[in-house]
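The values are calculated or read from the model by the stated rules, or taken from the named source; none is laboratory data. Remember, predicted model here, so these are calculated numbers, not experimental data. For neighbour counting, all protein chains shown are included, and Cβ atoms are generated from backbone atoms with ideal geometry for every residue, glycine included. What goes into the accessible areas is simple: the full protein's heavy atoms, side chains included, and nothing from ligands, DNA or RNA. Shrake-Rupley method; radii C 1.70, N 1.55, O 1.52, S 1.80 Å.
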Amino acid sequence: MKKDICRISGAPLTRVVDFGKQPLGNGFLQPAQFADEYFFPMVVGFSEESMMFQLIEQPAPEKMFHDHYAFYSSTSSFMARHFKDFADQVVQSGYLAKQDPYVVELGCNDGIMLKNFAEQKIRHLGIEPSLNVAKEANKHGVRTRSEFFTESLAETIVSEDGQADAFLAANVMCHIPDIVGVVKGIRKLLKPTGVVMFEDPYLGDVVAKTSYDQIYDEHVFLFSALSIQYLFGQQGMELIDVLPQKTHGGSMRYVLAHRGAYPVKESVTRLLAKERAQGLDRLATFDTFRANVEDSREKLVALLKKLKAEGMRVAGYGATSKSTTILNYCGIGPDLIDYISDTTPIKQGKRTPGMHIPVVPYETFKGNPPDYAVLFAWNHAEEIMAKEKEFMAAGGKWIVHVPEVKVL
Ligand code: JHZ
Ligand code: SAH
């Protein structure tokens, strides 16, 4: 058998969790497409050398990101506010040049963050391979290039636009298999005084909360400060600050610069020590994680089967990419969940990847609410609870699986 190799260090990888056959997280489809549906073996590996948690196999990027990508960032008003705050913090950070600063964002999607720079007439560029969402960004005055970011694209951008003051990304870096090439590109793209600020779902939260649904095709990595320090350290860069975020069920924002350009904040030293104490540098931690994942699956399936036997009507709320992992790993189909409601037009009228549960417009849920709703968009709980007071007042109940399976 072929040896599994770490994508960062080249050291051997140890397999830690096997999620079985999985479809594309955002591969919503019509019944006519069932016969050709794509699946891949989703297994996670860990390397104690790089401390990077990673998928062993990942579908080709072009299979996931194209001109009909199903995820639109601006479907959450809380996230719109989050990215306005992020943009404000970048502008006020003191890292941007006083004269004609230049900001590059990787995976700008529908422009949720960059439109805030466009509005302030700050020179910017969004690199967004999914053409349908990039076009949406253009409508908000955002300048885009619809390509995958690579080291060679970084060189082209430098020759056309010059180097950047800030390189931003949110929920993108963890999607890119050739992350080493990306970091090499960032190093060329960034001015000597430039900074990188990016955030992604945080491995520390995934382990602590058993939020295993953060693992799906698009998320080839789940980062920690330890693995990010290792990855960027190989290319002469270093972490200068870390800022925990509540978004997506627990994320981490990493601030990096060329080595020696800025003092390293104490937050970095503190987090690295905390991660060692949590065991994010050790294989044994992921044995416990695997046991917790299996336990979560058993409890969720048992609960849904019990409710079905009692004649309860159960629906899903939010056809998230995350739900693809839960449904396929737990074997939950239309026999247990009638439908999933979602506000994204491109997902509606289709079936969920792999398990083929119908995705319906929000109005279906609102017009005839179920007895129980599985909160697949649990990361947006605050926003959704504020919106669904009527559902709860009428006796509707939520099912969540993070940090443990329970009825709210
Ligand atoms: P949400 C995607 O993950 C994919 P997903 C990707 N890999 C990633 O990392 C993150 O985004 C950033 C709907 N909704 O944000 C909209 C409602 O119906 O949890 C979305 O389809 N009603 C790039 O898909 C879904 O739920 C609502 O009130 O796991 C939420 O998807 C709200 C707030 C959302 O990301
Ligand atoms: N930043 C937004 C969007 C996240 S979705 C947010 O946080 O909501 C991830 C985006 O990254 C997708 O729109 C996808 O098309 C884009 N992407 C994937 N691979 C990329 C790459 N190699 N270079 C640039 N963008 C990429």
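Here are a few things to note about the model shown:
- Residue in the range 36-47 that is closer than 18 Å to Leu327 by Cα and either without any contact (Cβ under 8 Å) to a residue 12 or more places away in the chain or among the β-branched types (Val, Ile, Thr) (or both) present: yes
- For the range 124-156, the set of residues classified as away from ligand 1 (no atom under 16 Å from the Cβ), buried (at least 22 other Cβ atoms within 10 Å of the Cβ) and part of a helix (DSSP H, G or I) consists of Ala154 only.
- Number of positions in the range 356-368 that are in a loop (DSSP other than H, G, I, E, B) and either basic (Lys, Arg) or open to solvent by less than 50 Å² (accessible area, probe 1.4 Å) (or both): 3
- Any hit, the range 193-204, residues being assigned to a helix (DSSP H, G or I), of a type in the set (A, V, I, L, M, F, W, C) and within 24 Å of Met52 (Cα to Cα): yes
- In the range 200-227, residue most open to solvent (accessible area, probe 1.4 Å) [restricted to those that are more than 16 Å from the chain's Cα centre (by Cα) and aliphatic (A, V, I, L, M)]: Ala208
- Scope the range 273-325; condition farther than 23 Å from Arg351 by Cα and basic (Lys, Arg); matching residues: Lys274, Arg276, Arg282, Arg290, Lys299, Lys306
- Qualifying residues in the range 30-78 (those that are within 16 Å of ligand 2 (Cβ to nearest atom) and small (Gly, Ala, Ser)) - the one nearest to the chain's Cα centre (by Cα): Ser73
- Positions within the range 170-199 being within 9 Å of ligand 2 (Cβ to nearest atom) and among the β-branched types (Val, Ile, Thr), in sequence order: Val172, Ile176, Val182
- Close pairs from the range 297-309: first in contact (Cβ under 8 Å) with a residue 12 or more places away in the chain, partner among the charged types (D, E, K, R) and open to solvent by 80 Å² or more (accessible area, probe 1.4 Å), Cβ under 8 Å, at least 6 apart: Lys299/Glu404; Lys308/Asp335
- The condition of being among the aliphatic types (A, V, I, L, M) and open to solvent by less than 20 Å² (accessible area, probe 1.4 Å) holds for Ile340.
- The C-beta contact set for the range 146-159 (first residue under 17 Å from Lys191 (Cα atoms), second residue modelled with pLDDT of 95 or more and part of a loop (DSSP other than H, G, I, E, B), distance under 6 angstrom, 6+ apart or interchain) comprises Leu153/Glu147.
- One residue from His66, His82 being within 30 Å of Ile112 (Cβ to Cβ) and surrounded by fewer than 19 Cβ atoms within 10 Å (Cβ to Cβ): His66
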